[in-house]
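First the structure, in the form of structure tokens, and then the observations on it.
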Amino acid sequence: MESAEKEEISVEDEAVDKNIFKDCSKIAFYRRQKQLLSKKSTYRALLDSVTTGKDSARFQIINEPAKVPLLAEVFGIEGNIFRLKINEEIPLKPRYEVTDVLTSKLTTVRLTSCPGDTGSLVLASGKGDLKCHVTANPFKVDLVSEEEVVMSINSLGQLYFEQLQIPPKQSRATKKNEEDASVDTTQYTLTQMGPVAAKQKVGFRTDVHWMSESGIIDVFLLTGPTPSDVFKQYSYLTGTQAMPPLFALGYHQCRWNYEDEQDVKAVDAGFDEHNIPYDVMWLDIEHTEGKRYFTWDKKRFPNPKRMQDLLRSKKRKLVVISDPHIKVDPNYSVYAKAKEQGFFVRNHDGGDFEGVCWPGLSSYLDFTNPKVREWYSSLFAFSVYQGSTDILYVWNDMNEPSVFKGPEQTMQKNAIHHGNWEHRELHNIYGFYQQMATTEGLIQRSKGKERPFVLTRSFFAGSQKYADVGGFIGDPEAELLVRWYQAGAYQPFFRGHATRNTKRREPWLFGEEHTRLIREAIRERYTLLPYWYSLFYSAHVASQPVMRPLWVEFPNELETFSVEDEYMLGSALLVHPVTEPKASVVDVFLPGSSEIWYDSKTFAHWKGACTVKISVTLDAIPVFQRGGSVVPIKTTIGRSTGFMTDSPYGLRVALSTKGSAMGEFYLDDGHSFQYLHRKQFLHRKFSFSSGVLTNSCADETSHYSSKCVVEQILVLGLKKQPSSVTAHLADGTARPVAFTYHATTSTLNLETLSLNVGADWKVRIQ
């Protein structure tokens, strides 16, 4: 065995060692920038240089002392978006510009020059009242709507754009030690301003200072005006959230590391023995042969297909780790082929960059190269990735990229990538390209039929098209572990993970009572799966985030902007995790002066626009359903999502102060692209008004057959007991419905309904 393979890399190698991180005084470009912060910039726009074309308006900017011209471009983009680019007019060499992130060629809107004050340029798109005001001296850009500035660039006069320069001659040793010395830097301040309507009109201002070591200034200004509009504008530019396979929304069990096939089998059986549902087993780096990705440890995992067949029999999946570093080993086929084709990032002297990570000495695949991505994608083919099956999915970790003992635990800034770009130019986008290649590989292996699942540690604008993002958790005591499960059950990605050398923490290892509480938290997640899946569909097609700060739903209420200990799931559920030990009471802010909120457990209700004290025990965390919403649920829970395909649904109907409610429901096969290519899905709308609950089609272009039925309906906030309840079907038939009314909680419970979830019907309450 080679010596590098004998080296044991410990978790401490990735631990944060403050000694390897530089403070600002040791970073050359930051020192230069900081010196300028106390000075007003001397940039002015040369408005006599303005030219307008089909796509943009251009003009020069001059820094008075240097007299070196910059070129500014302003673009109007469909949907209330402006784009500002500033670059050197004639750089010594091209500056890096981000590619592959924007979804397609953007639809630009021709900008025309309008009359303005002396020394200013006013650009308008002709759509809406939004205008771009360019002030010449000092240079400033304002976006103005209804005569009010909503966004401003360089209002504080801190623009500084450093021209590319020929670096001074240095010795080889000096170059090696000064790899972080930048020769081009940019900085500017973006100010966002606007009115917020509360009880009275109040103005606010937020200043954000941006600093970049390289590249150009290329900023998109998303003007909304509503939070929902901003999400749509962002998705128009970078793409919407990928539609995940249904299993990804279940519970994931992970550890560094499950030791062997027997360990996996025992943990899997433990979930069944304790009646706890889960969907995905995860394997960390120890499942490989010496940290060589796309391999299996022959002693620990001698028959990976048999292990996956066991999981498949319970309709569960497997996720394995695949990091961007490749062990330096000529006998390792992935390394040998990548080296032969020149697929690794290079060092500044032209050789392959080598750094230390989990396998020991490693080289790093240059995912910025399209040919590398194409090759990497091919490694996931079943014929290439021996031991993999169609239930195996991927976790991209350490892809910042992480380099132990490197500068600030990453790659040297002067390492060379495809196109001869230095690492400093594209450090933040490196992981994005690995996600892209991994996702494409999983799609290719199924010949484009199956949706992939990829989790990534590194994220960039547009990553939502390819992957989910996840993190790690520490080593908690039993009470805190219960609270983490309760909080995690109400977050988009739900995974339990533990690092090496920590106590085992499978859900049943903390005593019978804690096992019961964790089981209930996980089962509540599975109960809400129809709502979760519908939210992800909305994120996919309408750009609305699954998990939202309160101000997204209530942007006109000032109080919501400071709330950081609770959040919305979609527009219907408000969640307040409990994080303090031994907590018996928590303060919950319920927004909306015209809203009513229902406790999801007790059905007690409160009016909005107030803070209420809620008694809590370790049994649950406060979750409230918003009046006026309909939340679809599953009424029976299986051992995994795959066992719940045909299980019945329920509806939780929470009435508004006006006695109405509305909600949506989405269903497809849960795994393929048929919903996209052949419109094979159900999209239903539930509405309650004047005592009638209606199920109608929300998308007439779709078609999907489901045997599932709505068997239970719970109506919250019904003020009086009905005399009768009748179900009316699409064929004109009607039948009475048995019901139970609870006057103390104002709830109506309808059971044994058997109404097809994909059919039109009405339930009339009289």
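Structure notes:
- Of the numbered criteria (1) in contact with an Asp or Glu (Cβ under 7 Å, 6 or more places away or on another chain); (2) among the small types (Gly, Ala, Ser); (3) surrounded by 17 or more Cβ atoms within 10 Å (Cβ to Cβ), the one ALA698 fails is (3).
Let's see how each residue does on (1) over 22 Å from VAL230 (Cβ atoms); (2) within 34 Å of the chain's Cα centre (by Cα):
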position: THR52; (1), (2): yes, no
position: PRO69; (1), (2): yes, no
position: ALA72; (1), (2): yes, yes
position: THR99; (1), (2): yes, yes
position: SER125; (1), (2): no, yes
position: LEU143; (1), (2): no, yes
position: SER152; (1), (2): no, yes
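- Filtered residues of segment 402-444 (kept if of a type outside the set (A, V, I, L, M, F, W, C), buried (at least 22 other Cβ atoms within 10 Å of the Cβ) and either over 20 Å from VAL372 (Cβ atoms) or in contact with a His (Cβ under 7 Å, 6 or more places away or on another chain) (or both)): HIS417, HIS423
- Meets criteria (modelled with pLDDT of 95 or more, within 25 Å of LYS634 (Cα to Cα), of a type in the set (Lys, Arg) and open to solvent by 40 Å² or more (accessible area, probe 1.4 Å)) for ARG548: no
- Every residue from segment 562-606 that is touching a residue at least 60 places away in the same chain (Cβ under 8 Å), among the aromatic types (Phe, Trp, Tyr) and open to solvent by 20 Å² or more (accessible area, probe 1.4 Å): PHE603
- Those residues of segment 318-328 which are assigned to a loop (DSSP other than H, G, I, E, B) and under 32 Å from the mean Cα position of the chain (by Cα), in sequence order: SER322, ASP323, PRO324
- Considering the conditions (1) open to solvent by less than 20 Å² (accessible area, probe 1.4 Å); (2) of a type in the set (S, T, N, Q); (3) assigned to a strand (DSSP E or B), THR611 is excluded by exactly one of them, (1).
- Candidates LEU651, LEU655, LEU667: the one that is closer than 22 Å to ALA542 by Cβ and open to solvent by less than 10 Å² (accessible area, probe 1.4 Å) is LEU651.
- Tally, over segment 370-401, of residues that are open to solvent by less than 20 Å² (accessible area, probe 1.4 Å), more than 13 Å from GLU440 (Cα to Cα) and either aromatic (Phe, Trp, Tyr) or under 26 Å from the mean Cα position of the chain (by Cα) (or both): 9
- Scanning segment 308-317 for residues that are assigned to a helix (DSSP H, G or I) and buried (at least 20 other Cβ atoms within 10 Å of the Cβ) yields a total of 2.
- Only one of the numbered conditions (1) surrounded by 12 or more Cβ atoms within 10 Å (Cβ to Cβ); (2) part of a strand (DSSP E or B) is not met by ASP48, and that is (1).
- Qualifying residue in segment 266-277 (condition: surrounded by fewer than 19 Cβ atoms within 10 Å (Cβ to Cβ), closer than 30 Å to GLU520 by Cα, out of contact with any strand residue (DSSP E or B) (no Cβ under 9 Å at 6 or more places or on another chain) and free of Cβ contacts under 8 Å to residues at least 12 places away in the same chain): yes
- Members of segment 329-350 that are open to solvent by less than 30 Å² (accessible area, probe 1.4 Å) and either in contact with a Leu (Cβ under 9 Å, 6 or more places away or on another chain) or not in a helix (DSSP H, G or I) (or both): ASP329, TYR332, VAL334, ALA338, PHE343, PHE344, VAL345
- Looking only at segment 527-544, and only at residues there that are outside any helix (DSSP H, G or I) and in contact with a Leu (Cβ under 9 Å, 6 or more places away or on another chain), the one that is surrounded by the fewest Cβ atoms within 10 Å (Cβ to Cβ): GLN544
- Yes/no for TYR251 being free of Cβ contacts under 8 Å to residues at least 40 places away in the same chain, touching a helix residue (DSSP H, G or I) at 6+ places or on another chain (Cβ under 6 Å) and surrounded by 21 or more Cβ atoms within 10 Å (Cβ to Cβ): no
- Check on VAL653, under 27 Å from the mean Cα position of the chain (by Cα) and either in a strand (DSSP E or B) or within 30 Å of GLU450 (Cα to Cα) (or both): no
- Boolean, LEU455 is modelled with pLDDT of 95 or more, out of contact with any Gly (no Cβ under 7 Å at 6 or more places or on another chain) and either closer than 17 Å to THR368 by Cβ or not β-branched (Val, Ile, Thr) (or both): no
Residue-wise test of (1) part of a helix (DSSP H, G or I); (2) within 17 Å of SER363 (Cβ to Cβ); (3) touching a residue at least 12 places away in the same chain (Cβ under 8 Å); (4) in contact with a helix residue (DSSP H, G or I) (Cβ under 7 Å, 6 or more places away or on another chain).
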{"site": "GLU400", "(1), (2), (3), (4)": "no, yes, yes, yes"}
{"site": "GLU408", "(1), (2), (3), (4)": "yes, no, yes, yes"}
{"site": "TYR430", "(1), (2), (3), (4)": "yes, yes, yes, no"}
{"site": "TYR433", "(1), (2), (3), (4)": "yes, yes, yes, yes"}
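- Hey, LYS679 within 34 Å of the chain's Cα centre (by Cα) and surrounded by fewer than 19 Cβ atoms within 10 Å (Cβ to Cβ) or not: yes
- Residue within segment 291-307 that is under 23 Å from THR515 (Cα atoms), open to solvent by less than 10 Å² (accessible area, probe 1.4 Å), touching an Asp or Glu at 6+ places or on another chain (Cβ under 8 Å) and not in a helix (DSSP H, G or I) present: no
- Look at segment 691-717: where a residue is closer than 13 Å to PHE681 by Cα and a partner is open to solvent by less than 20 Å² (accessible area, probe 1.4 Å) and of a type in the set (Asp, Glu), sitting 6+ places away or on another chain with Cβ atoms under 8 Å, you get TYR704/ASP668.
The values are calculated or read from the model by the stated rules, or taken from the named source; none is laboratory data. Because the structure is a prediction, the values reported are computed rather than measured. Positions of Cβ are backbone-derived with ideal geometry, glycine not excepted, and every protein chain shown enters the neighbour counts. Areas reflect the complete protein model, heavy atoms only, side chains present, ligands, DNA and RNA absent. Shrake-Rupley method; radii C 1.70, N 1.55, O 1.52, S 1.80 Å.
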